[in-house]
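A.B. asks: Okay, handing you the structure first.
The values are calculated or read from the model by the stated rules, or taken from the named source; none is laboratory data. Fair warning: this is a prediction, and the values are worked out from it, not measured in the lab. Here Cβ is always computed from backbone atoms with ideal geometry, including for glycine, and neighbour counts include all displayed protein chains.
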Amino acid sequence: MIDAEGHIVHIDYGFLLSNAPGKGLKFEQAPFKLTTECVNVLGGVRGKYYKLYRDLVKLGFLALQEHADKIIMLVEMMMLGQKDLPCFRDGDQTVVTLKERLFPTQKMMTEAQAKKFTEDLIL
């Protein structure tokens, strides 16, 4: 995907929904990938850009929760028309799992809760 400014953006929707690397073995346990090299590019764990990254992850997670109803509706509509896609192989459980990912506490988080949640994922 390329954004409006020409930046290359990779969004792995299959991975978000159900496709883990490893041809269904689901060996990937990390919630997302943040390599040591990426942390180094951000100036290390004490760097200002690493702090900014953490803040942006928190804000992104809050935005996901804010718009979760639209995301879930789009996924449900896609499932109706494209049940044969690998990301929908788990059927209705795909949407249940998506909701669990968007709302790990079963409700909208406060900013403080989201900060703790995302920092625990990153650290």
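A.B. asks: Let me confirm something: among Leu56, Leu85, Leu74, which residue is over 24 Å from Ala112 (Cβ atoms), modelled with pLDDT of 90 or more and out of contact with any helix residue (DSSP H, G or I) (no Cβ under 7 Å at 6 or more places or on another chain)?
C.D. replies: Only one candidate qualifies: Leu74.
A.B. asks: I need a count of the residues in the range 93-109 that are more than 12 Å from Val75 (Cβ to Cβ) and surrounded by 13 or more Cβ atoms within 10 Å (Cβ to Cβ).
C.D. replies: Of the residues in the range 93-109, 4 are more than 12 Å from Val75 (Cβ to Cβ) and surrounded by 13 or more Cβ atoms within 10 Å (Cβ to Cβ).
A.B. asks: Could you tell me how many of the residues in the range 93-115 are in contact (Cβ under 8 Å) with a residue 24 or more places away in the chain and among the small types (Gly, Ala, Ser)?
C.D. replies: 1
A.B. asks: Can you name every residue in the range 84-123 that is on the phi < 0 side of the Ramachandran plot and of a type in the set (Gly, Ala, Ser)?
C.D. replies: Ala112, Ala114, listed by residue number.
A.B. asks: Do we find that Val45 is at pLDDT below 90 and at negative phi in this structure?
C.D. replies: No.
Conditions tested, residue by residue: (1) surrounded by 12 or more Cβ atoms within 10 Å (Cβ to Cβ); (2) without any contact (Cβ under 8 Å) to a residue 24 or more places away in the chain; (3) over 21 Å from Gln106 (Cβ atoms).
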{"position": "Leu52", "(1), (2), (3)": "yes, yes, yes"}
{"position": "Leu62", "(1), (2), (3)": "yes, no, no"}
{"position": "Gln65", "(1), (2), (3)": "yes, no, no"}
{"position": "Ala68", "(1), (2), (3)": "yes, no, no"}
{"position": "Glu76", "(1), (2), (3)": "yes, yes, no"}
{"position": "Met79", "(1), (2), (3)": "yes, yes, yes"}
{"position": "Phe88", "(1), (2), (3)": "yes, no, yes"}
{"position": "Gly91", "(1), (2), (3)": "no, yes, yes"}
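A.B. asks: Restricting attention to the range 88-103, report how many residues are of a type in the set (Phe, Trp, Tyr) and at pLDDT 90 or above.
C.D. replies: Going through the range 88-103 one residue at a time, the tally reaches 1.
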